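Computed from the coordinates by the stated procedures, all read-outs in this text should not be read as laboratory data. Computed from a predicted model, the values in this text were never measured in an experiment. With ideal geometry, Cβ positions are generated from the backbone for all residues, glycine too; neighbour counts draw on all protein chains shown.
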Amino acid sequence: MFRKGKKRHSSSSSQSSEISTKSKSVDSSLGGLSRSSTVASLDTDSTKSSGNNTSETCTEFRVKYVGAIEKLKFDMSKTLQEPLDLINYIDAAQQDGKLPFVPGDEEMVLVVSKYGVKVASLDQCNVLHRHPLYLIVRMLCYDDGLGAGKNLLALKTADTKQEECSIWVYQCSSSEQAQSICKVLSASFDCVLTSDKSRGSE
């Protein structure tokens, strides 16, 4: 489950993380889809951190890939700052056929570390996605609303020039797994921030 990683300087020193988990009713503005769920949101632009430290570990989770909406103009991404806005945008994309409602049958490994998120085949020979930590803008999880108890994990990333953003959607087996992924990622941001602050005080 855990694996050692090498230390490396990250350019995310200006970021800190905050994860908030609260029970709320999430109502889609399209299609009459309504769900009551627990929403866990990680906002990397916030000013607080949870204080956890996982400096030397990476954690693996088994997920399924739903799909992605890539290369959105960054001005458009500014309208997706709140969790509910992002959820509604994904709902609309699913209903418009831009994203499927359910993933394929293939399970993948999602690895979270201090360097970011990697999604690969189960044997990790084939890497599907790499999301560097400093390019992750927001991660949130929520009930998919289909009644099977599955949760979706939405990852919003920016490009290096801050001109475009993309939304990546994965299906988790439970709300507990999805929230665990958000918490581990939050701890990864905290680890990098603590390391950068230590170097800055030397």
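The stretch between Leu146 and Asp85 holds 20.0 nm of extra length on full extension. This uses 0.36 nm per residue minus the Cα-Cα distance. Calculate the translational D of region 82-174 in whole µm² s⁻¹ from Stokes-Einstein, where the hydrodynamic radius comes from the Kirkwood formula applied to all Cα pairs, the temperature is 20 °C and the viscosity 1.002 mPa s. D = 150 µm²/s. When the pairs Lys64/Lys183; Lys73/Lys150; Lys118/Lys156; Lys78/Lys150; Lys161/Lys183 are compared against a 23 Å limit on Cα-Cα distance, Lys73/Lys150; Lys78/Lys150; Lys161/Lys183 fall above it. Taking 0.36 nm per intervening residue step and subtracting the Cα-Cα distance, what contour gain separates Gln95 from Phe74 on full extension? Computed gain between Gln95 and Phe74 is 5.3 nm.
Between Gln162 and Asp105, the modelled label-to-label distance comes to 4.6 nm, taking each label 7 Å out from Cα in the direction of the beta carbon.
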